[in-house]
Structure formats: C-alpha cells, structure tokens
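The values are calculated or read from the model by the stated rules, or taken from the named source; none is laboratory data. Just so it is clear, the model here is predicted, and its values are computed rather than measured. Because the Cβ atoms are built from the backbone with ideal geometry, glycine has one as well, and the counts that use them run over all protein chains shown.
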Amino acid sequence: MQALFAEIDSIKNQAQGYQVQTVFIGGGTPTCLSPQWLERLFEQIHVNFNIAPNAEITVEANPGTLNETMLTTLKSVGVNRLSIGLQAWQDKHLKVLGRLHTRQEFIENFALARQLGFQNLSVDLMFALPDQTFQEWEQTIHAVCQLAPEHLSCYALKVEEGTPFDSMQLNLPNEDTDRAMYHRAIEILEQNGYQQYEISNFAKKGFASQHNLTYWQCGEYIGLGAAAHSYFQNERYAHTSVLADYIKQPSEKIDCQTLTPEEKEKEFIILGLRLNKGIDLDAYQTLFKKPFDLTRVQRMIDGQLMYMQDNHLKLTIKGMDISNQIFMQFI
C-alpha cells in the first residue's frame, strides 16, 4: 500500500488537468484489505486526483470477504458500484474453482449491500466449467435474475497455461455446449430486462459499466499498482506483475508503446466490434480522415458474421461466437 501511495504521488501532477470520471479498484480481491486501509486508499485518491462529483466508483468484491463492516466502509468512502464475483450458483462448482465463498454467503451479502443502500450491483458469472451441465448454467442465470442486480458479466472459463487447471484432466463442456450456454444466457437475460451491450456484458437500462466502456471506446485511463496497465497521453504501458519488484520501484513503466495512427485504427476497430452498437463509421471517418473501407469486411458480411445498421458495423451472434478469429483479421 505504501508503494501504491508513492506511485499515486509520482503521477498526480501529470493528471492535474483531468477530471476523473470513473474509479475501479480491482485486479483480485481488494476487499481482503482492512477497512482502515481502504479508507486510506480512498483518501489518497480524492486528495491527489480531481474526481468528478458523479463519478462511477467501483470496487470488486469476493462474497467471502464481505460483511457489514466492510460494506459500511465502502459506502462511507463513496463507492457507488460493487462488482461481486459469484461465478456459479452451485457450491460444488465454487469449490472446484477454489472460491472463498458459498452461495449462501453471496445471497446474504448481496441482500446486505442492498439494505445499506447500494443501488448499482454487478455480478460476475462463469460458464463452461468442469462438469457443469447446461441445466446448472440455466439455474445460475435464473437464480441471479431473481436477485435483480443492475449488471451481469458472463465469461466462459479459459484454462490459462501454467495454472493448476492446466495440469488437470478436466471434463470441460464441448464447444457446442459452450456456445449453447452463451446463447441461452443472452435469451434469459433479455427476457429479464438486461440489454447486452458488449460480448460478455449485460445491463439494465442506464447501468452499463462506464469504466469498461472507457476501455472499449479507446478512452484514456491510468492504472495504478502491480500488473496494472495504462493508456495515458498516447502511451500504453504496464507495471511489473512481480510484487517485490513493484514495491522497490512503484512508478517504473514496462512495455511502453506510443501508438502509431495505424495501431490506433486497429484498436478502434477491434474494441469497437466488442460492443453491440459496433463501430460508428462517421466517428471512424472523423478520427482517421478517411472513410472505412468496407471491402475489407465484405466477406464477413456475406458470411453473416457482420452487418451494417445506421452506419454502424456490428457483429452478428454468429460473429460474436468467433470474435477472436475476426479480430485477428485486423491485427
């Protein structure tokens, strides 16, 4: 935390001319901090940055680390959005995922957050888990909809190289089941008043994550802390993910890259296609001083992976299913 405060101190002058629209405390389990440390962190944020009066201020939370004291502290320091990592409704899947919480703890803490006045709650879910059935995924979505959070994120489990799952013989759903789970989630959430606004994200009207939209709309952001990434003043950079190294040199930048116009264009296209509203071709022309070359994507339009609507280029559901392959066409 001292290293983090030192980093804040090192960048505050660069950020003086900006009004911060969103704050997102995430990247693991921030709620494992004591209430006192969280209070000190928010004090540093407010003293050193110009935070907009109506800023969206989110904290990620593991249900196993929430209680009345923690939730009261978060409310008192100005947090107005909680992103709660439920992941699955069935305790057996939570156990396999190594989660700290049970379903009951999630239900109790969700209710407590509501009682304490949180009016913007997001729930993270995962599908295509080891031994997860289609019916269990349906049950998860239906049960969470009953609680009526304002926002939901639904991600397929991705087994990363070098993780414990990578060395295990897992019974994972096949690709057809994975896609069927995704399509069913879209259907159920739509029936319950959630609009899909990005490949994996759904919100009630007016509750899309403003912070994440900043990423997808190529906005600027400052990342603070070990392993954080930034896009600030036309430079992309990161911090080391080795905590001991970060503590020694908290403001050291790695992987620095000043974006060329071509790189900016690629990012605009790839990030824009993640959003349901797609790429605004008028905005593209204004930014890059040229019309979008539709011949580049005609094959994908013909293959029903993309479509045009109101001068926006968008992915179809079929296109969303293979979005990573489509994005590769622009890299």
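Observations on the model:
- Taken over region 54-80, the criterion of being at pLDDT 95 or above and of a type in the set (Ser, Thr, Tyr) is satisfied by Thr58, Thr69, Thr72, Thr73, Ser76.
- When residues of region 292-331 are limited to those that are small (Gly, Ala, Ser) and free of Cβ contacts under 8 Å to residues at least 60 places away in the same chain, the one nearest to Ile270 (Cα to Cα): Gly319
- Taking each residue of region 108-125 that is assigned by TED's automatic domain parsing to the domain that holds Cys154 and looking for partners that are assigned to a helix (DSSP H, G or I) and basic (Lys, Arg) with beta-carbon atoms closer than 8 Å, six or more apart or interchain, yields Leu116/Lys75; Gly117/Lys75; Phe118/Lys75; Leu121/Arg114.
- In region 242-266, the residues that are of a type in the set (D, E, K, R) form Cβ pairs under 7 Å with partners that are outside any helix (DSSP H, G or I) and modelled with pLDDT under 95, at six or more places apart or across chains, as follows: Lys266/Phe330; Lys266/Ile331.
- Considering only residues in region 12-47 that are among the β-branched types (Val, Ile, Thr) and within 24 Å of the chain's Cα centre (by Cα), the one that is farthest from Leu66 (Cα to Cα) turns out to be Val20.
- Subset of region 255-272 that is in contact with a Phe, Trp or Tyr (Cβ under 7 Å, 6 or more places away or on another chain) and aliphatic (A, V, I, L, M) - its residue that is surrounded by the fewest Cβ atoms within 10 Å (Cβ to Cβ): Leu271
- Residue count, region 196-214 (criterion: loosely packed, with under 15 Cβ neighbours inside 10 Å and outside any loop (DSSP other than H, G, I, E, B)): 0
- The residues in region 11-52 that are among the polar types (S, T, N, Q), modelled with pLDDT of 95 or more and assigned to a helix (DSSP H, G or I) can be counted, and the count is 3.
- In region 158-171, the condition of being closer than 25 Å to Pro63 by Cα, free of Cβ contacts under 8 Å to residues at least 12 places away in the same chain and among the acidic types (Asp, Glu) is met by at least one residue.
- Residues of region 267-274 include at least one that is among the charged types (D, E, K, R) and at pLDDT below 95.
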